[in-house]
Amino acid sequence: MNAARVILGAIVIVAAVAGVFLWYTAERAFYEEVAFQPGAEIRLVPLVGDQPEAIVVNGIEGIDADSSPIKFRACFTTPLTLAMLTETYRTYEGAEPLVAPRGFDCFDAEAIGRALETGEALAFLSEPEIHPGVDRVVAVFGDGRAYAWHQLNGSLGD
């Protein structure tokens, strides 16, 4: 009976340690703050031409990780209106924001996704092929709140 309790206790401890390790690697490990280049923090692809252009942004913060090309997330504001943006820059069909780690709480993927579905926010192509098979996407709300993330684009044949 004592041996069974020791074995059961060891299994519980190992499972708890493994769970904490898994949570840490998913939520905290590898992520670093992004150092944005002043004046070129966020770029969008214009309707005419293929070279992304910097847009005006304020209060930008972002995270990224070298462990995956789709871990990038950013939050910021822009004074540019949705009308001006749609007349100047390429929209992005099929935008689906990815969930950010809990510690980066300015980025709510579910709320951004709902806003994109309802038209409260619009998505734009920021950087095509920022990594092979990955685009940077920017979603902008009518009040100027904006969010960026990396998304698989299907060019590698999934």
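Worth pointing out:
- Of Gly113, Gly103, Gly49, Gly39, all but one fail to be small (Gly, Ala, Ser), in a loop (DSSP other than H, G, I, E, B) and at negative phi; the exception is Gly103.
- Test result for Val56, within 23 Å of Ala35 (Cβ to Cβ) and buried (at least 19 other Cβ atoms within 10 Å of the Cβ): no
- Unmet requirement for Ala74, which otherwise passes all of (1) farther than 16 Å from Ile55 by Cα; (2) in a strand (DSSP E or B); (3) small (Gly, Ala, Ser): (1)
- If only residues of segment 13-53 that are hydrophobic (A, V, I, L, M, F, W, C) and loosely packed, with under 10 Cβ neighbours inside 10 Å are counted, the one that is modelled with the highest pLDDT is Val48.
The values are calculated or read from the model by the stated rules, or taken from the named source; none is laboratory data. Nothing here was measured: the structure is a model prediction, and the numbers come from that model. No Cβ is skipped: glycine too gets one built from the backbone with ideal geometry, and neighbour counts run over all protein chains shown.
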